[in-house]
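A quick write-up on the structure given underneath.
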Amino acid sequence: MASVTLTINGKKVTVPRGTTVLDAAAQAGIFIPTFCHDPEIPRFGACRICVVEIPGMRNLPASCVTEATEGMVVETESPAVVEARSTILELLLANHPMDCLTCEKNGDCRLQDYCFRYGVKGSGFEGRQHSYPLDDSNPYIVRDLNKCILCGRCVRTCAQVEGRAVIDFAYRGFDTKIAPPMDTPLGESDCVYCGRCLAVCPVGALTYKRMAGKGRSWEYDKKPVTCTFCDSGCQFNLNVKDGKIVGVTAASPGPGRPLCLKGRLGLELLYCDDPQAPELKKDGEFVKVSWADALGLEGVLDKMKKLEGK
Amino acid sequence: MKNLMDKCCDKCKHTPASPCKDYIKCRKEGPICHQDEACKQKRAEILADINLPAGSPKRQVLICAGTGCTSSGSGKLVNKLEEELAANGLTDKVAVKITGCHGFCEQGPLMIIEPLKTFYTQVQEEDVAEIVAKDLVGSEIVERLLYKDPNTGEPAKTYENVPFYALQKRLVLHNCGHINAEEISDYIANDGYAGFVRALFELTPDQVVEEVKTSGLRGRGGGGFPTGMKWGFVRQAQGDKKYVVCNADEGDPGAFMDRSVLEGDPHAVLEGMMTCGYAVGADEGYIYVRAEYPLAIERLKIAIAQAEEYGVLGDNILNTGFNFHLKIKAGAGAFVCGEETALLTSIEGNRGMPRVRPPFPANSGLWGKPTCLNNVETFANVPQILRNGGTWYASMGTEKSKGTKIFALTGKVNNTGLVEVPMGISMRDILFAIGGGIPGGKKFKAVQIGGPSGGCLPDELLDLPVDYDSLTSAGAMMGSGGLVVMDETTCMVDIARYFLTFTQSESCGKCTPCREGTTRMLEILTRICAGEGKMEDIDSLERLARVVKNTALCGLGQTCPNPILSTLRYFKDEYIAHIQDKKCPAGACAALLTYVIDPEKCKGCGKCLKNCPAEAITGEKKLPHVIDPAKCIKCGSCVGGCKFEAIIRA
Amino acid sequence: MTCKCGHVDESTKQEALQAAISKYMAVKGGLIPLLQEAQDIYGYLPKEVMQQISGGMGIPFSKTFGVVTFYSQFHLKPRGRNIIRVCQGTACHVRGASKVFDGVSKKLGVAKNGTTEDLRYTLETVACLGACGLAPVMMVNDNTHGKLTPDKAVATIEKYE
Ligand SMILES: Cc1cc2nc3c(=O)[nH]c(=O)nc-3n(C[C@H](O)[C@H](O)[C@H](O)COP(=O)(O)O)c2cc1C
Ligand code: SF4
Ligand code: SF4
Ligand code: SF4
Ligand code: SF4
Ligand code: SF4
Ligand code: SF4
Ligand code: FES
Ligand code: FES
Ligand code: FES
């Protein structure tokens, strides 16, 4: 495959043709912040935090969707770029609850990290803010849309699994939000609580309810495990705090790895030191169910009992 | 044979299923396949009925049925006229023709009598009997209905003498208002589809692209991209299937040229698209029309149906093997769908959120196929370029902007309406010679060009030639062609706020800078207009404008700061007056106005006291009255009522 | 076919909807024209209708909802018999469109996008009706009215039952 050579921050890099500036920079060891870019489902180009300066281009292009070309010169931290990134961060903060102190995502949040990186302490802009009610409608996922930065990664990852596409963008402009049909709480939708969206959300808009209040993000050691409940082999993390396994969270979703609730619950039962009772929707209401019921093992268990009773 | 489109006799074998290659040419010059004087004669008569030759004893009454005139009541004129004609036994001698917009909607309903070109304005139902009796039975012009020069009072006998028309160069609009837009025969009688026939029979697709390149035509949808070059890209793009798409989503608030072309001359757009299809190798096209344009959609449907009926559109057109099919898509109300990638994704049935480019539609457009997307006016220029040649077209305009441009001239100007002028004309000529200057003896302040993505030009730039590059360098842009004239009573901060209100509510919400940035810029402008601005706000505005312009994903965000940047550039003092002196120099921002009664002038008549809805005025009869500023809601009701001009707005 | 009278019965509407769904099922990009037809039938887009459309077209309901809420032409709630759309385009703005809007709004006692309780009127704004020469302009149903003042606008809407 043909390759191209470009200069990023004075450093020459050679990459295959078709590589984005973002990936070329990564190859050169240069970090560019991203919110909406998802290596699995690329080319969305919406958050604009990844803009860079390329002399000869009219504006500041987004590096995640700009193809590297021969002889291209890229500056990733020029004054114009820094001004743009800080302003975008300020704009996000102007419409974001300053809630880091109690936020589950504290310490593992890109918005927080980038504000630190660019010295953005708060927003200079005051005005309208969203005040959506907290969506606490189901036992697995807490949605705080006031923290959502509309990167769209949850939408795209959910739609990757045939028959899901539970959420999508709704409304327009400043009122845009991520919503299930009819803008109901997630608990009233067809969500299967697989956790794909949680795995990709760059901020604290989506968090695990079963992990709430159990620890701070930096207290956890993450131990990868592979689910074996079916052939897909989805990846999960065991969250270990003080030697105890506190919860199981979904890791990198992908096209062949759908993730599902059953898999996650199964791993919780298998690994957690103190597994919490599972809940399932029965007649539209969430109720506590037995593990056998949650994992779909009732039939198997019955049969086992029968066989053993013989 | 009653209609130009009919066969002259049984020797004619044309049907859409087995088409004759000379069908279109035959309409005007026929019969071609056989010699028959009677057929030729019939054809000539029908043609003479469509376009009355000068000196014809027959008459034709053109009634404007554009949106403007219809809402001023032109619909009633048609029935009334037909009644009157029947009553006077004139039905056979006088033809009534319903046309599209003439461009001078403000003077509507308009009526033109051919072949003398008599131009009646503001015609009401009551006037019809008089017109019939005097002008059509006799030959006496009804003087009181003629257009009169607002300055001299001089009446204009024909539309050619009306200054509004005299200085225009109506190339794209030449049919608008003169032909019946619901009859394909009217279009063909006026050389319609001749350019397409030339392309199809005399030129290869590459030569068509070359011809358009030679013409120097640039996109009329805003960006000004060279049309021939775009066609060339689509021609070269690899693909088993290609599309032609017409952008008729005209969303710029204050612009209606595309609408008038669609309503007044829909076949010109069809012909342009078909020619494009032949040139780029596409066999299918879509016209994406704004939902608010029901009449345009109706006219397009009729035009497409007629073109199909006669085999001008469809499979094996004129037996050349070229197929072309057209579909209409009605928009659903989102300005951003005028942006090309949003438009295409909307046709596909999605939320109209723009996507990143490249890939450009020329390579990957509708359903991933190479797509040639142009604006209505761009396509409407094509038939004449093909008919008269690219070199002819390139002889008009300036070095880099060729041909003409249609503008929607509105706002504080005497003659509002659609004007088509050669590129390179000065703004002053458009506003003062054609537009007739500012009404009410007010002083000109600025003209906003290019709508929400454009900018304003102040007095000192009035001699700027109107072409793509001069406008861009002055911080404005050609945009789609809205021209809004503002006088001394228009506040420039308020205008910037107005445009931001528009873009803020039309932002699709996909990218951060535009979604959040327009909201904050609008809030700052609103505060300034309300007298709550701070000097730092100007810096914040400048920074936001710069960042949004530089980083937004699509053209909407990238251009929406232009109204702010250009008003800051030319009218910064107005911003400062709002912030520091808490004054609106134009007297437009209600929150910054004060109303006081001049005790010297007040005669104590008490009229203002009655007019005030807020009970803010007190005073004894015959003694000077006073306004309580705490109660005054600044509605201005009191001012006009005072005979002694004692109430001062400042 | 519009249901302005409110007396078309459910089954007739349902039939029309089914016919529309069959018509667009195989049409590429048919979702938006189908929603437009469905709204013509029902006057707005009830949840069940959107669900049927999603099912018929094989499109996730979340996407249909996203499309419906993106375009200002689509409505999730019933609207008035007469739709008043006051132009707030540039030309109308500089010629006093906001006063016209305020006048009508005050008369009807509803704000932007509001519907009067008797379902007689819905008040909306629109950015340019393409009749700028007659600014300020409003459209009531399919009729355009120009050169308005607040009083003239109020008098005009009273003619619509
Ligand atoms: C926000 C936005 C709105 C637009 N609206 C229109 C429009 O209403 N009509 C139009 O022809 N082009 C519009 N454009 C420009 C189109 O994206 C596109 O450039 C144009 O239709 C190409 O045709 P042309 O080359 O013939 O001008 C708009 C662009 C943007 C960014
Ligand atoms: S989402 Fe991030 S920035 Fe927002 S409150 Fe939570 S930790 Fe802080
Ligand atoms: S949990 Fe799974 S199904 Fe539910 S919204 Fe997230 S990705 Fe979609
Ligand atoms: S919820 Fe998270 S992943 Fe989804 S759009 Fe918002 S920020 Fe992005
Ligand atoms: S998480 Fe679900 S889908 Fe994935 S491997 Fe486990 S059982 Fe299979
Ligand atoms: S610039 Fe505005 S309209 Fe364009 S994609 Fe971004 S948010 Fe949408
Ligand atoms: S401006 Fe209005 S409220 Fe103020 S005094 Fe005059 S009439 Fe009364
Ligand atoms: S990461 Fe590139 S635009 Fe969001
Ligand atoms: S509508 Fe009649 S002149 Fe424009
Ligand atoms: S601005 Fe109101 S009709 Fe154009």
For region A:122-210, which strands (runs of 3 or more DSSP E) that fit wholly inside it have 3 or more residues that are within 15 Å of ligand 3 (Cβ to nearest atom) and either touching a Phe, Trp or Tyr at 6+ places or on another chain (Cβ under 8 Å) or at the interface with another protein chain (Cβ under 9 Å from one of its Cβ atoms) (or both)? A:168-170, A:177-179
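One line per residue, one yes/no per condition, for (1) surrounded by fewer than 23 Cβ atoms within 10 Å (Cβ to Cβ); (2) in contact (Cβ under 8 Å) with a residue 24 or more places away in the chain:
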| position | (1), (2) |
| --- | --- |
| B:E183 | yes, yes |
| B:D186 | yes, yes |
| B:N190 | yes, yes |
| B:G195 | no, yes |
| B:R198 | yes, yes |
| B:E202 | yes, no |
| B:E211 | no, yes |
| B:G219 | yes, yes |
Subset tally (residues that are open to solvent by 10 Å² or more (accessible area, probe 1.4 Å) and hydroxyl-bearing (S, T, Y)) for region B:567-599: 3
Step by step: first the residues of region B:294-332, then only those that are assigned to a loop (DSSP other than H, G, I, E, B) and within 16 Å of ligand 1 (Cβ to nearest atom), then the one that is farthest from the other protein chains (Cβ to nearest Cβ). Which residue is that? B:G331
Looking only at region A:249-261, decide whether some residue is surrounded by 15 or more Cβ atoms within 10 Å (Cβ to Cβ) and polar (S, T, N, Q). yes
Among the helices (runs of 4 or more DSSP H) confined wholly to region B:214-293, which include 3 or more residues that are of a type in the set (V, I, T)? B:266-280
What are the pairs with Cβ atoms under 6 angstrom where one residue, in region B:355-376, is within 14 Å of chain A (Cβ to nearest Cβ) and the other, located anywhere, is away from ligand 7 (no atom under 16 Å from the Cβ)? Sequence gap at least six, or different chains. B:R355/B:T341; B:V356/A:G45; B:V356/A:V65; B:N363/B:A237; B:N363/B:P370
When restricted to A:S137, A:S123, A:S86, A:S131, the only residue within 21 Å of A:I8 (Cα to Cα), of a type in the set (S, T, N, Q) and over 18 Å from the mean Cα position of the chain (by Cα) is A:S86
Take the residues in region B:333-380 that are in a helix (DSSP H, G or I) and among the aliphatic types (A, V, I, L, M); name whichever of them is farthest from ligand 6 (Cβ to nearest atom). B:A380
What are the residues in region C:41-72 that are within 9 Å of chain B (Cβ to nearest Cβ) and more than 17 Å from the chain's Cα centre (by Cα), if any? C:M57, C:I59, C:K63, C:G66
What residue, of B:G455, B:G435, B:G440, B:G450, is under 19 Å from the mean Cα position of the chain (by Cα), within 14 Å of chain C (Cβ to nearest Cβ) and over 30 Å from B:G509 (Cβ atoms)? B:G435
Qualifying positions in region A:262-274 - under 25 Å from A:R216 (Cβ atoms), open to solvent by less than 30 Å² (accessible area, probe 1.4 Å) and either within 16 Å of ligand 9 (Cβ to nearest atom) or in a helix (DSSP H, G or I) (or both): A:R264, A:L265, A:L267, A:E268
Just need a number here: residues in region C:57-98 that are under 22 Å from C:R120 (Cβ atoms) and within 16 Å of ligand 6 (Cβ to nearest atom). 1
Being touching a Leu at 6+ places or on another chain (Cβ under 9 Å) and on the phi > 0 side of the Ramachandran plot narrows it down to one of B:G531, B:G517, so name that one. B:G531
Can B:I302 be described as among the aliphatic types (A, V, I, L, M), crowded, with 24+ Cβ neighbours inside 10 Å and more than 24 Å from C:G133 (Cα to Cα)? no
Sort through B:I524, B:I528, B:I564 and tell me the only one that's within 11 Å of chain A (Cβ to nearest Cβ) and open to solvent by less than 10 Å² (accessible area, probe 1.4 Å). B:I524
Helices (runs of 4 or more DSSP H) (entirely within region B:1-84) containing at least 3 residues that are surrounded by fewer than 15 Cβ atoms within 10 Å (Cβ to Cβ): B:37-50
Could you check, for region C:50-69, whether at least one of its residues is part of a loop (DSSP other than H, G, I, E, B) and among the aromatic types (F, W, Y)? no
Determine whether region B:249-265 contains at least one residue that is touching a residue at least 40 places away in the same chain (Cβ under 8 Å), under 30 Å from B:K412 (Cβ atoms), open to solvent by 30 Å² or more (accessible area, probe 1.4 Å) and under 28 Å from the mean Cα position of the chain (by Cα). no
Out of all the residues in region B:600-617, which are more than 27 Å from C:G103 (Cβ to Cβ) and open to solvent by less than 80 Å² (accessible area, probe 1.4 Å)? B:C602, B:G604
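Results for (1) in the same structural domain as C:A127 (by TED's automatic domain parsing); (2) open to solvent by 20 Å² or more (accessible area, probe 1.4 Å); (3) among the aliphatic types (A, V, I, L, M), shown as yes or no for each residue.
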residue: C:A16; (1), (2), (3): no, yes, yes
residue: C:S22; (1), (2), (3): no, yes, no
residue: C:K28; (1), (2), (3): no, yes, no
residue: C:A38; (1), (2), (3): no, no, yes
residue: C:L45; (1), (2), (3): no, no, yes
residue: C:E48; (1), (2), (3): no, yes, no
residue: C:G58; (1), (2), (3): no, yes, no
residue: C:G66; (1), (2), (3): no, no, no
residue: C:V86; (1), (2), (3): yes, no, yes
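The values are calculated or read from the model by the stated rules, or taken from the named source; none is laboratory data. Nothing here was measured: the structure is a model prediction, and the numbers come from that model. Heads up, the Cβs are rebuilt from the backbone with ideal geometry, glycines too, and the neighbour counts pull from every protein chain shown. The area values use the complete protein model at the heavy-atom level, side chains included, leaving out ligands, DNA and RNA. Shrake-Rupley method; radii C 1.70, N 1.55, O 1.52, S 1.80 Å.
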